[in-house]
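Take a look at the structure below.
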Amino acid sequence: MSAAIPYGLCSAVLVGLGLFGLITHPQPLRKILAFNLIGSGVFLLFGVIARRGAAVGFGGDPVPQALVITGLVVAFAGTALAVALLLRLVDETRRGTLRDE
Amino acid sequence: MADFLLAAAGFVLVTVAVGLVRILSGPGDADRIMAAQLFGTGGIAALLLLAQAMSVPAAIDVGLVLGLLAAFVSVAFVKGVTRSQADEA
Amino acid sequence: MALAFDIVLVLLILGVATWTISARDTFAAVVGFIGFGLVLALAWVCLAAPDVALTEAAIGSGLTGGLLVGASARLRRTETTSGETPSISLRLSAGVVCTFISAGLAAIVLELPGKAPTLAPQVAANLAMIGLDNPVTAVLMAYRAVDTLLEVVVLLLVLGGIWSLAPDHLWGGSPGSRHLAGPDGVLPFVAQLLVPVGILVGIHIFWIGSVAPGGEFQGATILAAMWILATMAGLVDMPAVSRRWLRLLLVAGSAVFFAVGFAGFAMAGAFLAYPEAYAKLLILIIEIPLTLSIAATLALLVAGPPERAPQE
Amino acid sequence: MSLALNGLTIVAVCAGAFFFLAGTVGLLRFPDALSRLHALTKADNLGLGLVVLGLLFQVGGVFAALKLIGVWLLTLLAAATVSQLLARAARASGPHE
C-alpha cells in the first residue's frame, strides 16, 4: 500500500462532500465554499498522482505539482469573481438569494 | 527521534482540533476567529515539528507564511465586523 | 508512525470539511474553510510537495480566507434560512448521488496501476540546462511557461470582469471604502509592524524559488496580502482603477512575458524558447515584473469593483 | 552528546504540547470571550516557543535556527497585536453575543 492512499481516499470523499454542499445549500456564499471543497479534492488527487510519480530523487512528479499551483491561483480568481458577482447581486436586489420571485 | 516528533505533531494537531469545537458552540464571531487563531498557532507548531521529522526544511517557510496570513485574516475579520456595524448604524 | 500521522491528518481534513458544509452559520463555515486550508497545507508537506503547501497556505487559506471573511461580514444582514431549505427528498437523493461519486473515485484511487507514469526523469535531465534547482519552478517558468503566461492573462481577465461589475457612475473610482485609522491606533500599529516584515518574507519566498520551494506566485500572494493590510489600516489608500501607473503595473508582467516569448523566435527558434546560455537570466527578467503584476492583480481581486466615484 | 540533546528536545516539546493542551482547555472552559482570549494567547504562544526551543537542539545550521526563532517572534508579534484588536471587537459586539 502506497503512503499516498489515505490522501487519495480523502480527496474522493472531499469531492462528494463538496458536491453535496453545492446542491443542497440555498445560500450562494455556501455554494462558493462547497465548490472550493470540490476543487481542493481534485487538487489533492493530483497531489496523490504526483506523489506516486516520485523518481530520480524527487519526492513527487514536479509537473502535476506545478499544475496544482496554477490551479490554486485560478481557483482563487474564480472565487473572487463569484464573490464580486454575489455582492453586486445583493446590492441590486437587497436579498441574498438566487431565487427569482 | 523522527517518530517522537511526528507523534508530538499529531498530538498538537488533535489538541487544537478539539479547540475548533469552540467554533461549533460559538457563541460570538470573535470566539470563532479566536479558535482559528489557536488552530493557526498549533498548525505552525505541527509544521515545524514535521519539517524536522521529515527533513523538509521548506516547511518552516510554510509556517512563516501561515503566521503572516493568519494575522491578515484576523485583521480582515475585525475590519469586516466594524464595517457591518457602521452600515447598520 | 508516518502512516498513523497521515491517517490522523486525513481524519482532521475530513472533519473540518464536514464542518464547513454542515455549519448552520455562514461565518462559522468560513472560519472552518480557513482551518481546512491550514490542514491541507500540512497534507501537502506530507505528500512531498512543499511548493504546493506554500501556495495553499498563502492563497487557499490566507487570501481566500480574507476575501470570504469580508464578504460574509457584508452578507450578514441578508442571510435568510427560512423557506429555502431544500426538501428532504432532494437532500436524500443528493446524498446518494454524492456517495456514489465518492465511492467511484475511491475505487479508482485504489485501482491505480502499480507503476505510476512520471515526467520526473525528463524534468531532472534538463534542470542543469536552465540553471534552476527547484524542479517545480522549472516546470512553471520553462517547460510549461505557456501555461503560466496564460494563467496571468486569466487573472487580468477576471480583474476586468470584477471591475465591470461597478455601477456606471462609479467607473474609474477606487475600490472599497476609505479606511481611516482609528483613534486608538492599534490597527495602524499592527500594520506598521507586520507590513515591513511581510514584504521581507514575500521577497525571500520569491527569491529562494529558484533553488528551494517558493516562487513568484507565493511571494506575490504575500505582497498582495500586505498591501491589503496596509489599506485596511488606513496607511495607504487603494488607487483609482483608472490610474495609468496602476494599469501599467498590472500588465507589465504579461507584457515582458510576451516580449521574451516572441524574442524566443529570434533567439532559439520557437515561442518562449530560451537560449541555453541566458535561460536563467531571462527567467529572472520575466519573474521580477511578473511577481509585481501578480501581487497587484491579486490585491485588486480581493478589493473588488470600484465603490467610490472618481475624483477629478 | 546527541542523547542529551535528544532528551532536551523531548522535554521541551512535551512541555510545549502540554501548553497547547492547556490553551484548548481554557478555550473550552472559560465563561466569556475576553478570558478565553487571555487563556489562549498566552498558552499557545508559550507552547509554540517551547516547541521551537526543543527543535533548536536538532537543527544543524545557524541560519535554520535563526529562521525557527524568527517564526516564533513573528507569531508572538502577530498574536500580541491581533489579540488586542480581537478583544476590542469582542467588547464592541457586546457581552450578550
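The values are calculated or read from the model by the stated rules, or taken from the named source; none is laboratory data. All values reported here derive from a predicted model rather than from experimental measurement. Counting neighbours? That spans all protein chains shown, and the Cβs are built from the backbone with ideal geometry, glycine included.
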- prompt: Taking the stated definitions as given, is residue C:128 crowded, with 20+ Cβ neighbours inside 10 Å and of a type in the set (Gly, Ala, Ser)?
  reply: no
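Quick grid of which residues meet (1) more than 25 Å from residue C:215 (Cα to Cα); (2) facing chain C (nearest Cβ under 7 Å); (3) without any contact (Cβ under 8 Å) to a residue 12 or more places away in the chain:
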residue	(1), (2), (3)
A:14	yes, yes, no
A:21	yes, yes, no
A:27	yes, yes, no
A:35	yes, no, no
A:46	no, no, no
A:53	no, yes, yes
A:73	no, yes, yes
A:88	yes, yes, yes
Residues of segment C:121-175 satisfying the condition of being touching a strand residue (DSSP E or B) at 6+ places or on another chain (Cβ under 9 Å) and of a type in the set (Gly, Ala, Ser): C:166, C:172, C:173, C:174
- request: Could you please let me know if residue C:18 is facing chain A (nearest Cβ under 8 Å), surrounded by fewer than 20 Cβ atoms within 10 Å (Cβ to Cβ) and outside any helix (DSSP H, G or I)?
  value: no
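For every residue, the table says whether it meets (1) more than 15 Å from residue B:67 (Cα to Cα); (2) more than 7 Å from chain B (Cβ to nearest Cβ).
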{"site": "D:29", "(1), (2)": "yes, yes"}
{"site": "D:40", "(1), (2)": "yes, no"}
{"site": "D:49", "(1), (2)": "no, yes"}
{"site": "D:52", "(1), (2)": "no, no"}
{"site": "D:58", "(1), (2)": "yes, no"}
{"site": "D:64", "(1), (2)": "yes, no"}
{"site": "D:68", "(1), (2)": "no, no"}
{"site": "D:72", "(1), (2)": "no, yes"}
{"site": "D:76", "(1), (2)": "no, yes"}
message: So, residue D:9, is that one over 16 Å from residue D:80 (Cβ atoms), among the β-branched types (Val, Ile, Thr) and part of a helix (DSSP H, G or I) or not?
response: yes
- prompt: Looking at segment C:33-78, which of the residues that are among the small types (Gly, Ala, Ser) and facing chain A (nearest Cβ under 7 Å) is surrounded by the fewest Cβ atoms within 10 Å (Cβ to Cβ)?
  reply: C:48
message: Checking the condition in contact with a helix residue (DSSP H, G or I) (Cβ under 9 Å, 6 or more places away or on another chain), away from chain A (no Cβ under 14 Å) and either in contact (Cβ under 8 Å) with a residue 60 or more places away in the chain or closer than 30 Å to residue B:77 by Cβ (or both), which residue from C:235, C:301 passes?
response: C:235
- request: Look through C:170, C:165, C:187 and report the one residue that is surrounded by 22 or more Cβ atoms within 10 Å (Cβ to Cβ) and either more than 10 Å from every other protein chain (Cβ to nearest Cβ) or more than 23 Å from residue C:286 (Cβ to Cβ) (or both).
  value: C:187
field: Hits in segment B:50-84 (condition: assigned to a helix (DSSP H, G or I), at the interface with chain C (Cβ under 7 Å from one of its Cβ atoms) and under 27 Å from residue C:134 (Cα atoms))
entry: B:50, B:58, B:59, B:61, B:62, B:64, B:65, B:66, B:68, B:69
field: Hits in segment C:274-288 (condition: buried (at least 18 other Cβ atoms within 10 Å of the Cβ) and not charged (D, E, K, R))
entry: C:274, C:279, C:282, C:283, C:286
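Results for (1) touching a helix residue (DSSP H, G or I) at 6+ places or on another chain (Cβ under 9 Å); (2) at pLDDT 85 or above; (3) at positive phi, shown as yes or no for each residue.
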{"position": "B:4", "(1), (2), (3)": "yes, yes, no"}
{"position": "B:26", "(1), (2), (3)": "yes, no, yes"}
{"position": "B:31", "(1), (2), (3)": "yes, no, no"}
{"position": "B:50", "(1), (2), (3)": "yes, yes, no"}
- prompt: In segment C:259-273, how many are assigned to a helix (DSSP H, G or I), surrounded by fewer than 16 Cβ atoms within 10 Å (Cβ to Cβ) and not aliphatic (A, V, I, L, M)?
  reply: 2
query: Scanning for something facing another protein chain (nearest Cβ under 7 Å), touching a helix residue (DSSP H, G or I) at 6+ places or on another chain (Cβ under 9 Å) and not in a helix (DSSP H, G or I), does segment D:79-96 turn up at least one residue?
result: yes
query: In segment C:215-225, is there at least one residue being modelled with pLDDT under 85 and either surrounded by fewer than 24 Cβ atoms within 10 Å (Cβ to Cβ) or within 14 Å of chain A (Cβ to nearest Cβ) (or both)?
result: yes
- prompt: Does residue C:253 satisfy the condition of being crowded, with 17+ Cβ neighbours inside 10 Å and either without any contact (Cβ under 8 Å) to a residue 24 or more places away in the chain or in a helix (DSSP H, G or I) (or both)?
  reply: yes
field: Test: residue in segment A:30-50 that is closer than 23 Å to residue C:307 by Cβ and at pLDDT 85 or above
entry: yes
- line: The residue that is farthest from residue D:35 (Cα to Cα), considering only those in segment B:38-49 that are more than 7 Å from chain D (Cβ to nearest Cβ) and under 8 Å from the mean Cα position of the chain (by Cα), is B:43
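So that you can scan it fast, the table gives a plain yes or no per residue for (1) crowded, with 16+ Cβ neighbours inside 10 Å; (2) out of contact with any Leu (no Cβ under 9 Å at 6 or more places or on another chain):
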position: D:25; (1), (2): no, yes
position: D:45; (1), (2): yes, no
position: D:49; (1), (2): yes, no
position: D:63; (1), (2): no, yes
position: D:89; (1), (2): yes, yes
message: Show me the helices (runs of 4 or more DSSP H) entirely contained within chain A in which 2 or more residues are among the charged types (D, E, K, R) and surrounded by fewer than 22 Cβ atoms within 10 Å (Cβ to Cβ).
response: A:28-52, A:62-93
